[in-house]
Every structure is written in structure tokens, then in C-alpha cells.
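Asks: Have a look at this one.
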Amino acid sequence: MSDRTRSLVNRWLGVGLASVIAVVTLGLGLTGRLNLYISPDTVWFACISAVITLAIAVWTCTLPLGAEGDHGHDHGHAPVDDGGEAGADAGARRPLATAAVVSGGVIATGTVVAALLLPPASLSAELAMSRAGEATVLFDGADTVALGVADTTTFGVGEWASVFATATRPEAYDGATVTLTGFVTPAEAGEVNLTRMVITHCVIDARPASVPVAAADGDYAAGDWIEVTGTVRADADGTLRIEPTEVVAIDEPKDPYEY
């Protein structure tokens, strides 16, 4: 590989890929679709970082090829005899280093191209169902803090999932009215789960939160988005569920997550 080709590859793997990611980030931010990947509270930070990255990339491209790797001084290392043992070891390692760079470059480039070509998509209902065994308690102590203080009409699926899991006085919530939006996941006979993915920072830490809704089997397909209006009911054993008065099929919301 010639010095010029090596410099071009290095520049692409550095500022080239970073610039493409920055452009994708800005595009998603301006169209409001960056919320599919990160919390809305951090969108501004991601967009500012993308602008800074592009500014650095533009500045780097004003340098001659290879200049970014030039320290501007001589380290004073003594020349190595290519015919010696050190030279032989270096020659043996060079193909491995080249293969590692090429493999990494192909993977990184493929990832960036996929980000450009594939449309943004929310986390699927299948993923939520695969994580159904994970804890749904999204904040501890909700019963103590919220009881008699918080306005439960502002609760989303995530808050209600925590209440359903941790309420020490479930009867206190009996009769509370709710209007919740989510997608359907399977539950016990005679019920479906109304589910939302809840994220803290980004989709990597996404967890499903679900509340049971009384319904006849087969009325809803897994993954269907619905809006449920109804009443929270406490059973004799203290189990909470939602008894719906109206269920409306809806399209997936522009922002499908809770935070």
C-alpha cells in the first residue's frame, strides 16, 4: 500500500466516517427522528457535538495528506537493520496489521452505510416480549411518594407499571381513571398487556413496562398500537388491572418511547 493510499484510508477511517455520522445525526435531529435513538433531553448535546465534529473535519481536510500523523519532530530512534531479527518480526506483523485495518474499515464503513440507507425505526414489540422477564419497576418507593400527592392522571405506562408492581395499598388506586397509549403484548387468558419501551439515555438501556388490560382473547394482535381509556381496578387479592371503557387502534406515535 502506497503512502498516499494509506493516508487516504486513515483519513476516511477517521474524519471521513465521523463526518458521515455527524451529518446523519444532524439530519435525524432536524427531522425529529433522533428521539428514536436517544432521550429528547440529550438531542441538543448530540447535535452540538455533530457540528463540532464537522468543523474539525473541515479543518483537517485543509491539511496535506498524512500531515495529521506527522508529529513535526524526530524521535531519534536508531535505524533497524531490515535483515535482522527485529526487521523479520516487523515484516511478519505488517500483513496482520494491514488485515486488521482493512477488516475494521469494512465493518465501520458498512455500519455507516447502513445508517445512511436504512430508515430509522423504533424498537419492536418482539424485542419488548423478549425482555418481558426483566424487572418492570422503573422507580422504587412510588407508592410512598405518590399516594395522595401525585396526580395519577399524568402517569404513563411506565409509572403505572411501577405502581402495579410496588403498591402496598392497591385499594387506594381502585377507581383511578386512565388514558394510556402503547402496543399490545401477550398476557394471561382474558387480558393483554399494554406495553411501552422506557429509556433513560438511549435505546441501549430501553426496558419494557407493561400494565394488564382486561380484554377478550384474540381482540388485539401483538404489536398493535392502541389507546386505552378505562379505570384501575383492585382485585380481592390486591392485584391491579385496567378495566377498559374504550380501546382505539392508532398509528405508532412519532415518539414511541417514554422517558
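Values quoted throughout were computed directly from the atomic coordinates according to the rules given, and no laboratory measurement underlies them. Not measured: the values here are computed from a predicted model. Cβ: placed from backbone, ideal geometry, glycine included. Neighbour counts: every protein chain shown.
Asks: Evaluate E = 1/(1 + (r/R0)^6) for GLU227 and ILE48, where r is the Cβ-Cβ distance and R0 equals 41 Å; express this FRET efficiency to the nearest 0.05.
Replies: 0.70
Asks: Nearest 0.05, what FRET efficiency do ILE250 and ILE107 give at R0 = 45 Å with Cβ-Cβ as r?
Replies: After rounding to 0.05, the efficiency reads 0.70.
Asks: Let me ask something else about it. Using Cα pairs closer than 8 Å and at least 6 residues apart in sequence, work out the relative contact order for the range 165-215, in percent.
Replies: Dividing the mean separation by the residue count of the range 165-215 yields 27 percent.
Asks: Now a separate question. Mind listing the long-range amide H neighbours of GLY182? Cut-off is under 5 Å, sequence gap 5 or more, other chains count too, H placed in the peptide plane at 1.01 Å from N.
Replies: Answer set, sorted by chain and number: ILE226, VAL228.
Asks: How many nm separate the modelled label positions at ALA189 and ARG33, each set 7 Å beyond the Cα in the direction of the Cβ?
Replies: In this crude label model, ALA189 to ARG33 measures out at 4.4 nm.
Asks: May I pose another question? How large is ³J(HN,Hα), in whole Hz, for each residue of the range 153-163 in order, when computed from phi with the Karplus curve 6.51 cos²θ - 1.76 cosθ + 1.60 and θ = phi - 60°, using x for Gly and Pro?
Replies: 3J(HN,Hα) across the range 153-163, in whole Hz: 5, 8, 5, x, 4, x, 5, 5, 4, 5, 4.
Asks: Next up: Between ALA214 and ALA172, what's the calculated FRET efficiency when r is the beta-carbon distance and R0 is 30 Å? Round to 0.05.
Replies: So the FRET efficiency works out to roughly 0.90.
Asks: Can you give the extra length, in nm with one decimal, that the chain gains between GLU243 and LEU63 once fully stretched, where that is 0.36 nm per residue apart less the Cα-Cα distance?
Replies: 58.1 nm
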